[in-house]
Amino acid sequence: MKNIYFLATALLFCVCLLRLFGSCATSEESLRIAGFDNKGKTNAQDIKFGSFKCFQLQSNGNQPLQTVKKVIKVDSLLLISDGNVLSAFNVTGRFLRNYGVHGHAANEYINLSTFYLDKTGNIAIIDNFASKIILFKRDGKWLKTINAKEGVFRYVQNATQLDAVHLLVSRYIYNDQNVLYQIINLNNWETSDNVSTPLRTDNTMEYAGVHSYSVNRGAVHAVLPFSATIVGMNDANSFTIATSQNVLSEQELSKIKNFSIMSYQNAILRDNFVGFTDIFETNNMYLLAFSNLYYCIIPKNTMHCERYNYEVPEKVHRLPLIGIIAGDDRQLIGVMTPDQLKNIEIKGNDKKLQSLKRLQTKLDLNGNPIVLMYELQ
């Protein structure tokens, strides 16, 4: 009788465990974000902005920046790279300094792959060609150069230091190289937490996006081409955008051997879901974007998706989001060219919109890009 009682108790315990873990699995699966399929709103419709600032970056006699690849705001400093040079500006656009120069010396780079802030606030440039990290103080003084394991930075597109020893990197897809995200241990150069895509390219380097992952309070979220799932890394939870559009399967994606921007165009023509190329996260919300076609805002308190058209109309009656390329706990930062601002006809009387109009009157059309700093309420 005792054995039967013990067996029944054990069975009941197992059933409870199954129910417990089953409910957890169901909860994970049910983290689906609704709203994407609703009709898209016009750019920034119903979005409430807090502060807004816009200015043109000072050239100071330097060659104007080309296509901006990365922006980091740290305190009153804006760090901006176009892949050729890394420059510092203040938050009114005044040029302060450049970091490093092209060359073969220890404090010079052959290829400025990307840059990041280390955990002591120093500026780190990754040179993937020379497989090294060059550290500078914020005032521009060279501190030291760290020689990395050969090949560890191959095809690196972006990087963020997560803690004292772990560096998150995103990589370009190149032929059979399809690992998009990895975490590198800076002590031994070992990699972990590989996140891959089935896609391949035909001798071209393609990225998932300009800003394809976000880091907020240690949580990492990343986008994958054609995927409705936003991948959580570093103990962050993943979530999925619910859509009635056809989402390509892993098997279908594996058949794409020449991934490029044309792959997205083909998918759009077939009414397939193309996913997102960029993700930004503040303390209060996520912003997911697909190139310059659409973006979605997901407030963290509701986890409901609102989709917006990213197009900036020729006649602007409300402040739009433009060229978002960076974000921090409170702000989103966008960039645009002088020509883009020149060609906008500003009609609204909103004070924030009028600041853009005032900037139009003093544009240097041959100068540096425009920076737009948004605080969303």
### Summary
Mean-square fluctuation maximum in Gaussian network of the chain, Cα pairs under 10 Å, restricted to Arg217, Arg32, Arg330, hits Arg217
### Message
Please list, in order along segment 307-324, the HN-Hα scalar couplings obtained from phi with the Karplus expression 6.51 cos²θ - 1.76 cosθ + 1.60 (θ = phi - 60°), rounded to whole Hz, x for Gly and Pro.
### Response
9, 10, 6, 7, 4, 9, x, 5, 10, 9, 10, 9, 5, x, 7, 10, x, 4
### Message
For Cα pairs less than 8 Å apart in space and 6+ apart in sequence, what is the mean separation divided by the residue count of the chain, i.e. the relative contact order in percent?
### Response
17
### Query
Probe 1.4 Å, all protein chains in place: accessible area of Asp118 in Å², nearest 10?
30
### Summary
Taking only the alpha-carbon positions of segment 281-377 as identical scatterers, the Debye log10 I(q)/I(0) at q = 0.11, 0.24 Å⁻¹ comes out as -0.35, -1.37
#### Entry: Net +/- balance of residues flanking Tyr109 in space, Cβ distance below 12 Å, scoring K and R +1, D and E -1
-1
### Task
Kindly report, to the nearest 10 Å², the accessible surface of Met373 as traced by a 1.4 Å probe over protein heavy atoms only.
10
### Task
Would you kindly state how much longer the chain becomes between Asn188 and Thr67 on full extension, computed as 0.36 nm times their sequence separation minus their alpha carbon distance, in nm to one decimal?
40.2 nm
### Query
Taking only C-alpha pairs under 8 Å that are 6+ residues apart, what is the relative contact order of segment 61-209 in percent?
12
#### Entry: R0 of 22 Å, Cβ-Cβ distance Gln354-Ser59: FRET efficiency to nearest 0.05
0.30
### Task
Just subtract the alpha-carbon distance of Asp75 and Gln265 from 0.36 nm times their residue separation and send over the number in nm, one decimal.
64.4 nm
### Most fluctuating residue given options Leu79, Leu186, Leu288, as computed from a GNM of the chain linking Cα atoms under 10 Å
Leu186
### Query
If a helix is a whole DSSP H run, which ones in the chain reach 24 Å or further along their own axis (Cα) and hold a mean Kyte-Doolittle hydropathy of at least 0.0?
2-29
### Query
Got a sec? Charge dipole of the chain, +1 on Cβ for Lys and Arg, -1 for Asp and Glu; which of Tyr264, Tyr172, Phe290 is way out at the positive end?
Phe290
### Query
In whole Hz, what ³J(HN,Hα) sequence does segment 244-258 give by Karplus (6.51, -1.76, 1.60; θ = phi - 60°), x for Gly and Pro?
8, 5, 6, 9, 4, 7, 4, 5, 5, 5, 5, 7, 7, 9, 9
### Query
What list of ³J(HN,Hα) couplings, whole Hz, do you get for segment 150-160 from phi and the Karplus terms 6.51, -1.76, 1.60, once you set θ to phi - 60° and write x for glycine and proline?
4, x, 5, 9, 4, 6, 5, 10, 8, 7, 9
### Message
Which residues among segment 33-65 fall inside the zone where the amide N is under 16 Å from a point 7 Å beyond the Cα of Gln340, along Cα→Cβ?
### Response
43-44, 53-57, 65
### Query
Which whole-number percentage describes the relative contact order of segment 141-267, with Cα contacts under 8 Å and a sequence gap of 6 or more?
17
### Task
Report the net charge of residues surrounding Ala34, where surrounding means a beta-carbon distance below 13 angstrom and charges are Lys +1, Arg +1, Asp -1, Glu -1.
0
### Message
Order His104, His166 by their accessible area, 1.4 angstrom probe, all chains in place, largest first.
### Response
His104, His166
### Query
What percentage of the solvent-accessible surface of segment 215-336, computed with a 1.4 Å probe over protein heavy atoms, is contributed by carbon and sulfur atoms?
46
### Query
Per residue, how many Å² of accessible area does the chain show with a 1.4 Å probe?
51
### Query
Just in segment 286-370: which GluC sites (Glu not before Pro) are loop by DSSP and have at most 16 other Cβ atoms within 10 Å?
Glu311, Glu314
### Query
With Cβ to Cβ distances under 14 Å as the rule, what net charge do the other residues near Asp139 carry (K, R +1; D, E -1)?
+3
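The values are calculated or read from the model by the stated rules, or taken from the named source; none is laboratory data. Everything numeric in this text was worked out from a predicted model, so none of it was measured. Backbone-built Cβ (ideal geometry, glycine too); neighbour counts: all protein chains shown. The protein model used for the area step is the full one, side chains on, heavy atoms only, and it has no ligands, DNA or RNA in it. Shrake-Rupley method; radii C 1.70, N 1.55, O 1.52, S 1.80 Å.
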